[in-house]
Amino acid sequence: MPPVKDDDLNISPYKSPVEQRNKYPTEAENHYIHAATSDNTRRTYQGAIKRFIKWGGLLPANKSSLVNYLTAHAAELNPRTLSIHMTAISQWHQTQQIDDPTSHPDVRKTLKGIHKTHGKPKQKAKALRLEHLATMLKHLDTQPDSAKIRRDKALLLIGFFGAFRRSELVAIEFGHLIFEPEGLIISIEKSKTDQLSEGIQRAIPMNEEFPDCCPVKALHQWLEMAEISQGAVFRGISRWGKIMDKPLYAGSISDILKSLAAQAGLDFAPELSAHSFRRGLSTSASRENVDFGLIKQQGGWKNDDMVRGYIEEGRLLEENPAHALFESLKNF
């Protein structure tokens with residue numbers, strides 16, 4: 001068998017007969033093939049392939065090795081993680097134009113059995129509701145003015161009312177901001193649901209009635225103090241208050257949110273993550289009877305079921321048949 005090394009998805013230079021006849025893709029072809037897969041997905045697949053090889057798996061793989069791999073990790077890894085590993089291995093075989101062993105019935109049945117035996121509900125981030133946001137803003141307003149306070153307030157308000165993902169927040173640059181008399185439009189050049197990079201826009205109106213809770217005003221105040229006129233909008237700040245040139249690390253958004261929630265006295269702070277912005281916006285807007293289409297548009301969701309799921313979860317206690325039964329108890 002040829003030696004093993006990295007390639008676009010994966011790890012092996014094995015070439016199918018078709019690829020051998022066609023020799024190697026041109027530099028331009030490789031560029032576009034590479035661009036078809038997001039960086040996050042590529043890293044996830046590469047990690048899965050490397051783990052399979054480190055365990056002792058060989059590529060190309062066969063049905064028996066995959067069943068053994070799944071069985072060996074059934075109690076150790078989340079079934080959803082193992083499903084991702086099988087998808088990565090499947091993609092490797094498809095890329096190499098080799099028969100895909102992950103489609104074998106024994107592999108599928110093994111994975112299904114693992115899901116039934118070890119599967120657990122997916123842990124979801126707690127929604128950051130409007131009242132939670134207000135509590136955190138009140139806490140920030142009691143603190144001495146500083147670059148960090150201004151950045152965090154702008155981050156909270158823009159993240160919530162824009163229903164941004166963490167990757168979108170850290171990717172916002174000054175050049176993406178369009179200030180209008182009525183508010184702010186943020187252009188997003190690339191998003192999770194915009195893999196073709198067609199670009200999307202997120203509009204955030206001014207809150208003239210309550211300026212202390214206005215996301216546009218908060219962003220202006222942060223940009224003014226940080227003297228940002230180009231480059232990343234949300235940046236790291238050192239312990240000495242120095243504002244960095246580089247954008248915040250995406251993973252730090254959740255840490256900032258949890259820290260602010262804890263400081264504000266919210267006991268569920270550990271349950272929050274960057275995704276709490278999106279869940280919170282959809283939940284809070286639905287409770288105010290905002291039109292479904294507007295909620296979907298603001299969050300840039302492509303899937304109706306995803307939005308409905310967030311809304312339904314947020315109204316489980318409000319729209320509940322038990323309320324009618326409580327009223328009926330009065331008759332007994």
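For a 30 Å ceiling on Cα separation, which of these pairs sit above it: 50/302; 120/302; 54/126; 50/242?
Details: 50/302 32 Å; 120/302 26 Å; 54/126 36 Å; 50/242 39 Å.
As for pairs spanning more than 30 Å Cα to Cα, those are 50/302; 54/126; 50/242.
Could you calculate the FRET efficiency of residue 206 with residue 297 from 1/(1 + (r/R0)^6), where r is the beta carbon distance between them and R0 is 22 Å, rounded to 0.05? Kindly include the intermediate steps, with their values, before the conclusion.
Numbers: r = 19 Å, r/R0 = 0.85.
E between residue 206 and residue 297, to the nearest 0.05, is 0.75.
Cβ-Cβ distance of residue 167 and residue 332, R₀ of 56 Å, FRET efficiency by 1/(1 + (r/R0)^6): the value works out to about 0.55.
Might you report the magnitude of the Cβ-based charge dipole of the stretch 126-228 about its Cα centre, with Lys and Arg at +1 and Asp and Glu at -1, to the nearest 20 debye? Display every interim value, and only then the final one.
On the way: 13 positive and 16 negative charges, 116 e Å.
It comes to approximately 560 debye.
Compared with the alpha-carbon gap, the fully stretched path from residue 287 to residue 43 is longer by 84.0 nm at 0.36 nm per residue. Three principal axis extents describe the C-alpha atoms of the stretch 123-191; from largest down they are 36, 34, 23 Å. With N as its number of residues, the stretch 252-332 has a Cα radius of gyration that, divided by 2.2 N^0.38 Å, comes to 1.40. Looking at the calculated P(r) for the stretch 201-317, what percent of the C-alpha pair distances fall above 20 Å? Distances greater than 20 Å cover 58 percent of the Cα pairs. Once a ≥ b ≥ c are taken as the square roots of the eigenvalues of the Cα gyration tensor of the stretch 196-244, is the result rounded (a/c under 1.5), prolate (a/b larger than b/c) or oblate (a/b not larger than b/c)? Oblate, because a/c is 1.5 or more while a/b does not exceed b/c.
Computed with a 1.4 Å probe on the full set of protein chains, the accessible area for residue 327 sits at about 110 Å².
For the stretch 216-294, the set of trypsin sites (Lys or Arg not before Pro) satisfying both a DSSP loop assignment and a count of at most 15 other C-beta atoms within 10 Å is given as 239, 242. Rounded to the nearest Hz, the phi-derived 3J(HN,Hα) couplings of the stretch 308-314 under the Karplus curve 6.51 cos²θ - 1.76 cosθ + 1.60 (θ = phi - 60°) are 4, x, 4, 5, 5, 4, x, where x marks glycine and proline.
Taking the stretch 89-162, which trypsin sites (Lys or Arg not before Pro) meet the DSSP loop condition and have no more than 16 other C-beta atoms within 10 Å? Present the calculation step by step, with values, prior to reporting the outcome.
Details: sites: 108, 109, 112, 116, 122, 124, 126, 129, 138, 148, 150, 151, 153; in loops: 122, 124, 126, 129.
Sparse-neighbourhood loop trypsin sites (Lys or Arg not before Pro): 122, 124.
Treating each Cα of the stretch 242-290 as an identical point scatterer and summing with the Debye formula, the log10 of I(q)/I(0) at q = 0.15, 0.20, 0.23, 0.24 Å⁻¹ comes to -0.52, -0.78, -0.88, -0.91. Net length available on complete extension from residue 318 to residue 71 is 84.6 nm, with 0.36 nm assigned per residue and the Cα-Cα distance removed.
Fraction of C-alpha pairs exceeding 25 angstrom in the stretch 141-272: 23 percent, rounded to a whole number.
Rg and Dmax of the stretch 43-100, both derived from C-alpha coordinates alone, stand at 10.5, 32 Å. For the stretch 49-182, the calculated P(r), taken from all Cα-Cα distances in 5 Å bins from zero up to the bin holding the longest distance, is 2, 8, 14, 13, 10, 8, 6, 9, 10, 10, 7, 4, 1 percent. For the stretch 74-83, backbone phi angles converted through the Karplus equation (6.51, -1.76, 1.60; θ = phi - 60°) give residue-by-residue couplings of 4, 8, 9, 9, 4, x, 5, 5, 5, 5 Hz, Gly and Pro being listed as x. Here the label points at residue 143 and residue 109, each 7 Å from Cα along the C-beta direction, are separated by 5.8 nm in the simple model. Remark: the stretch 239-254, residue by residue, has Karplus-estimated 3J(HN,Hα) of 5, 9, x, 6, 8, 7, 7, 7, x, 4, 6, 4, x, 7, 4, 5 Hz, where x stands for each Gly or Pro and the curve is 6.51 cos²θ - 1.76 cosθ + 1.60 at θ = phi - 60°. More than 12 angstrom separation, counting every C-alpha pair in the stretch 83-143; what % is that? Within the stretch 83-143, distances greater than 12 Å cover 78 percent of Cα pairs. Annotation for the stretch 267-332 versus the stretch 212-251: alpha-carbon center distance of 31 Å.
The values are calculated or read from the model by the stated rules, or taken from the named source; none is laboratory data. All values derive from a computational prediction rather than experimental measurement. Cβ atoms come from the backbone with ideal geometry, glycine included; neighbour counts cover every protein chain shown. The accessibility values were calculated without ligands, DNA or RNA, using every heavy atom of the protein model including side chains. Shrake-Rupley method; radii C 1.70, N 1.55, O 1.52, S 1.80 Å.
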